[in-house]
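Reviewing the structure listed below.
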Amino acid sequence: MTDVDNVLLGTSGWSYKEWIGPFYSKDDKSLLRAYAKVFKTVEIDSTFYRYPTKGMVMGWARYSPEGFVYAAKLPDLITHKKLLDPSQGVEEDLQRFLDLMEPLSSGGKLGCLLIQLPPKFSYKPNELEGFFKILPTHVKFAVEFRNLSWIRPETWPLLEKYNVAYVNVDEPLLPSEVHLTSGLAYFRWHGRGAQPWFDYRYKPEELKPWIPKIREAQTKVKKVFGYFNNHFHGYAVENCLQVAEMLGALTPQQAKAKMKAENHFKAASTLREIGLEAFVTPPETTFEKLISVFMDTGRLIRAKEIRNDELKIEKETPERIEATVRDYHIVIDSESKTIQHDCEDWRKGLEAKRFCKHIGKLLQSIDRTKATDLLKKIDQERDELDKLGPNRRNRHNLQHSLVYWCCFCRFLLQERLLWVLSLRGLANHISLPAVRFSIRFIGSSCFDRWNRGLSPESKSEEVGAMSVLPKQSVLIISPLSLDIRS
């Protein structure tokens, strides 16, 4: 926060391991306490992904100093999955969230709740007003749009009517316009990166144009909240404190933190320039950084929009994950270094080695440490795959095509019939030194489950295998689970 009376500046989230160095010390036992020594507000990001426990909220209240203020995102269950629809019970969902946040609100530490809408939520004023009507008046709210259709004159009177603040943003999708629609102003700086936005370090000249906007808002509203969401590497800390300095309200504690962050990034930049990377321990690679290598921002957002009940993890071991997402199947086998999946976007992205939203959802849902380790392995294999010759590439693509075709066949099976897939002439085009098909016969009593994408091992019996080597080969497909390995 700055010492400007009604301006509170902070970051979106505070619990990031990669902030140890530029902001935190290894000796900090409580990151929240260390954060609160420098800033007087924070935006809670974790509430978007899951409801907090009562004990967690009580801890936020207890371990933050007097005068510290929180903003918090509404759960995505309300904003992204049920799309604010009162007919789907969002009023009860909202009340549950408000009850959990009561320790903050009763203690005067809840500044505002953020309604972050998904990109697909286009201009629908009636739907938005229907949700606004159920909002309690004793809590302040702000709404962030991610669809350009909302940036129109008709939007602002609607927000003013219900005293909901418009979230003024700096991001690639929306204009950096400022609209004041309630007794508070809300600013969010997301960054201007490509994949993703948040991996971005603002230059001082990019932040200066925001200073007069903040000052103007400060004179027109009772409270100004501003949060930096470019949390990668700790950039949010540095940029937030730079804005505080430009406003002329940097405290001695903040000045010290700002110098520490700037020195850290300067030292890191110097090491890169003189080519000393090989002599220093590389920085920790985060899940967010790794996943952005394989998915663009749009797919990451769409992955988060998939409901949790649409994902079912059938099997999870240290070496293998089997899951279904909606009607699609995913098998990730780190031992054989293969990913099997049957959606069209995955097929189209094979050449670019790009993940689809289904794989993104799976990786976002499993244990974060395991997902990060898995992505590191996949990233290494991705580099090795770049070095393969065209024959190996074709073989990889062929294996995927066979998996894709066999998964497609399950939709065509209406009863327990045998399908015959002729592979005549396959060897004329691509050399397959060893492709083994392990065929399992699944009893008719299990067929309904199998047709939904499940193949219970307890009700399957392996009946044979064959190698595709001769120029004429026949693959007999019955209700089965299919493994392909090279």
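Calculated on the Cα set of the range 285-387, radius of gyration then Dmax: 12.5, 39 Å.
The antiparallel fraction among DSSP beta bridges confined to the range 294-383 stands at about 100%. When the Cα convex hull of the range 89-168 is projected onto planes of every orientation, the mean area is 5.5 nm². If you take the Cα centroid of the range 150-173 and the Cα centroid of the range 25-55, the two points sit 28 Å apart. Lys and Arg at +1, Asp and Glu at -1: add these up for the other residues within a Cβ distance under 10 Å of P22 and post the number. So the surrounding residues net to -2. Percent of C-alpha pairs per 10 Å bin in the range 154-264, short distances first: 14, 43, 32, 11, 1. The HN-Hα couplings worked out from phi for the range 249-262 by the Karplus form 6.51 cos²θ - 1.76 cosθ + 1.60 (θ = phi - 60°) are 9, 6, 7, x, 5, 5, 4, 5, 5, 5, 5, 4, 5, 5 Hz, whole numbers, x standing for Gly and Pro. Other residues with beta-carbon under 15 Å from the beta-carbon of K260 carry, at +1 per Lys or Arg and -1 per Asp or Glu, a net charge of -1. With contacts taken as Cα pairs under 8 Å and at least 6 residues apart, the range 300-361 reaches a relative contact order of 27 percent. Comparing the range 38-81 with the 2.2 N^0.38 Å rule of thumb, its C-alpha radius of gyration ratio is 1.25 (two decimals).
Placing a label point 7 Å from the Cα of Q380 along the Cα-to-Cβ direction, the residues of the range 323-359 with a backbone N closer than 19 Å are 332-339.
Shape analysis of the range 7-277 places it in the prolate category; the axes a ≥ b ≥ c from the Cα gyration tensor give an a/c of at least 1.5, with a/b above b/c. Normalised by residue number, the volume inside the convex hull of the Cα atoms of the range 1-84 is 117 Å³ per residue.
Cα convex hull, the range 1-152: 138 Å³ per residue, rounded to a whole number.
Rule-based calculations on the coordinates, nothing more; no lab input. Computed from a predicted structure; not experimentally measured. Neighbour counts are summed over all protein chains in view; Cβ atoms, including those assigned to glycine, are modelled from backbone coordinates with ideal geometry.
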